[in-house]
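Trainee: My questions all concern the structure below.
The values are calculated or read from the model by the stated rules, or taken from the named source; none is laboratory data. Remember, it's a predicted structure, so these values are computed and weren't measured experimentally. Here Cβ is always computed from backbone atoms with ideal geometry, including for glycine, and neighbour counts include all displayed protein chains.
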Amino acid sequence: MFSFFKKKPPPAPAATPTTAPPPLVAPPSGGSLIGSALVIPIDIPEPGAPPPERQKWVDKLKASLGKTASGISTVFGGSVIDETLYESLEDALLMADAGVPATQYLLTELRRKVRDSGVTHPIALKNILIATLTDLLQPLQKPLVIGEHKPTVIMVAGVNGAGKTTSIGKLTRHLSEHGASVLLAAADTFRAAAREQLGVWADRNLVEIVSQEGGDPAAVSFDAVAAGKARGKDVVLVDTAGRLPTQLHLMEELKKIKRVIQKADPTAPHEVLLVIDGNTGQNALMQVRAFDDALSLTGLIITKLDGTAKGGVLAAIARERPVPVYFIGVGEKLEELETFNAREFAQALLG
Ligand SMILES: Nc1nc2c(ncn2[C@@H]2O[C@H](COP(=O)(O)OP(=O)(O)O)[C@@H](O)[C@H]2O)c(=O)[nH]1
Ligand SMILES: [Mg+2]
C-alpha cells in the first residue's frame, strides 16, 4: 500500500516566468503531486480494521508462519506459569530461529513483567509475549520514502537466489502503480540469464532498463543513474549479482558499485537494500552483519516467508543488528510483497 502526501513545492524562481514542466507522472487516484516533487511513504496500516486486501495478505502471512505459531502456542496450553513453561518457550523460540540473544531478552522481559503484573495464567503470558515481541520488532518498522531525491537510487544486494530480482520486479510494480517512473539497472552482468530475467520484469512493468552484455556492473550502474537523471525518472533500481559475504573480492566489487553510483550522483545511493531468504535461519543474521559492514545498509527485504521459513529471525535481527525491514515477500507473484508491520508480524508469528 502506498499513499501520497503533498510535499511543499520549492518557491518558483522569480526570474524565470516559464511554465512549470508538466508532472512526469500522472497523479494516482487519491494521491497528489505538486510540481515534480513526489513523496511515497509506504503506508503501514495499524491493526484494527485493515483494508480487505491487507487482511488477505495478513491471513497469508498467518498461514505461512502457522507452524511456528502452533509450536509456540502449545507452550501456553497448561494452566500455570512455571519453570517448565519458560523452558519450553525458550526451546520454541530458538527453534523458530530467534537466536540466543533475542530469546534471552524476551524471556527476561517476560519474567519481569509476570512478576510486576502478578498474572498467573499462561494465556495472559502469551499476550505479554505478543506485546513484548511487538516492541522488540518496532524499530524494524519503517516506511520506504521515495521522492526526496530525483531519482531515488536504490541499490539491491544479497546472496544468490535470495529473491533480489523478483523483489525488484514486485517493487517496480508497486512503484509504477502509484505513479512513480522507474528505471532498472541490470548490474548483475555475470549471467545473461540474470539480465534477461530483469528484462522480463521490465517488460511486464512497462519500465525502461539499462543493461550491457558482459559489462562492468559499476559502469552499468553509473550509466543507469546518469540515464535516470537525464530522463527525469523518480526511481532507479539497481539489481546486483548474488554473492556470499565470504567472497571478499565480490564484496569489494559491491563497494565499488556503490562508490561509482556516488560519482554519478553524490547523494546516491539513497537506499542500500539487502534481500534475505527467510529460510536461511540464523545465517540471515550473519548476512545482515556482513553486508551492513560493507555497504551500510538502509533496509532489508525478507523473502520466502511463505515456505518453510520460521520467521523468528526477525527477532534476532531486531536484537542484534536492527536494520529496518521495508518489505516481506510471501510468494512468487507480483503482488506478494508487502510492508512490514511489527504488531501484525508478532501476532502472525505467535498465533
Ligand atoms: N515462495 C517464494 N519464492 C520467492 C519469493 N521471492 C523470490 N522467490 C523465488 O526465489 C527464486 C530466486 O529468485 P531471484 O529473484 O531470481 O533471486 P536472486 O538471485 O536474488 O535475484 C525464484 O524462483 C523466485 O521466484 C517469495 O517471497 N516466495
Ligand atoms: Mg537476480
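Trainee: Restricting attention to segment 242-281, and to residues there that are among the polar types (S, T, N, Q) and surrounded by 15 or more Cβ atoms within 10 Å (Cβ to Cβ), which single residue is farthest from ligand 1 (Cβ to nearest atom)?
Mentor: Here the residue is 262.
Trainee: Say we look at segment 160-194 and pick out the residues that are surrounded by fewer than 21 Cβ atoms within 10 Å (Cβ to Cβ) and aliphatic (A, V, I, L, M); which of these is nearest to ligand 2 (Cβ to nearest atom)?
Mentor: Out of the qualifying residues, it is 193.
Trainee: Return the only residue of 69, 157, 131, 162 being modelled with pLDDT of 95 or more and either among the basic types (Lys, Arg) or under 21 Å from residue 346 (Cα atoms) (or both).
Mentor: 131 is the lone residue from the list that is modelled with pLDDT of 95 or more and either among the basic types (Lys, Arg) or under 21 Å from residue 346 (Cα atoms) (or both).
Trainee: Let me ask something else. Restricting to segment 197-241, count the residues that are hydrophobic (A, V, I, L, M, F, W, C), surrounded by fewer than 15 Cβ atoms within 10 Å (Cβ to Cβ) and more than 16 Å from ligand 2 (Cβ to nearest atom).
Mentor: Residues flagged as hydrophobic (A, V, I, L, M, F, W, C), surrounded by fewer than 15 Cβ atoms within 10 Å (Cβ to Cβ) and more than 16 Å from ligand 2 (Cβ to nearest atom) within segment 197-241 amount to 3.
Trainee: For segment 223-331, please list each of the helices (runs of 4 or more DSSP H) lying entirely inside it that holds at least 2 residues being among the basic types (Lys, Arg) and either without any contact (Cβ under 8 Å) to a residue 60 or more places away in the chain or farther than 22 Å from residue 345 by Cα (or both).
Mentor: 248-264
Trainee: Follow-up question, since we're still on this one. What are the residue pairs meeting all of these: first residue in segment 189-200, first residue closer than 17 Å to residue 157 by Cα, second residue more than 11 Å from ligand 2 (Cβ to nearest atom) and aliphatic (A, V, I, L, M), Cβ atoms under 8 Å, and 6 or more apart or on different chains?
Mentor: 189/220; 198/184; 198/209
Trainee: Can we say residue 209 is within 16 Å of ligand 1 (Cβ to nearest atom) and in contact with a His (Cβ under 8 Å, 6 or more places away or on another chain)?
Mentor: Answer is no for this residue.
Trainee: Any residue in segment 82-89 that is at pLDDT 95 or above, surrounded by fewer than 20 Cβ atoms within 10 Å (Cβ to Cβ) and in a loop (DSSP other than H, G, I, E, B)?
Mentor: yes
Trainee: Then there's this: Can you give me the number of residues within segment 151-176 that are part of a helix (DSSP H, G or I) and in contact with a helix residue (DSSP H, G or I) (Cβ under 9 Å, 6 or more places away or on another chain)?
Mentor: Total meeting the criteria: 9.
Trainee: Does any residue of segment 93-116 turn out to be of a type in the set (D, E, K, R), over 30 Å from residue 222 (Cβ atoms) and crowded, with 23+ Cβ neighbours inside 10 Å?
Mentor: Yes, segment 93-116 contains at least one residue that is of a type in the set (D, E, K, R), over 30 Å from residue 222 (Cβ atoms) and crowded, with 23+ Cβ neighbours inside 10 Å.
Trainee: For segment 253-276, state whether one or more residues are under 18 Å from the mean Cα position of the chain (by Cα) and more than 30 Å from residue 177 (Cβ to Cβ).
Mentor: no
Trainee: For residue 300, work out the one condition from (1) on the phi < 0 side of the Ramachandran plot; (2) modelled with pLDDT under 95; (3) out of contact with any Gly (no Cβ under 8 Å at 6 or more places or on another chain) it doesn't fulfil.
Mentor: Of everything listed in (1) on the phi < 0 side of the Ramachandran plot; (2) modelled with pLDDT under 95; (3) out of contact with any Gly (no Cβ under 8 Å at 6 or more places or on another chain), residue 300 misses just condition (2).
Trainee: Looking only at segment 312-328, filter to residues that are surrounded by fewer than 24 Cβ atoms within 10 Å (Cβ to Cβ) and under 24 Å from residue 50 (Cα atoms); which one of those is farthest from ligand 1 (Cβ to nearest atom)?
Mentor: Applying the filter and picking the extreme gives 324.
Trainee: In addition: For segment 236-248, does any single residue satisfy the condition of being out of contact with any helix residue (DSSP H, G or I) (no Cβ under 7 Å at 6 or more places or on another chain) and within 30 Å of residue 104 (Cβ to Cβ)?
Mentor: For segment 236-248, residues out of contact with any helix residue (DSSP H, G or I) (no Cβ under 7 Å at 6 or more places or on another chain) and within 30 Å of residue 104 (Cβ to Cβ): present.
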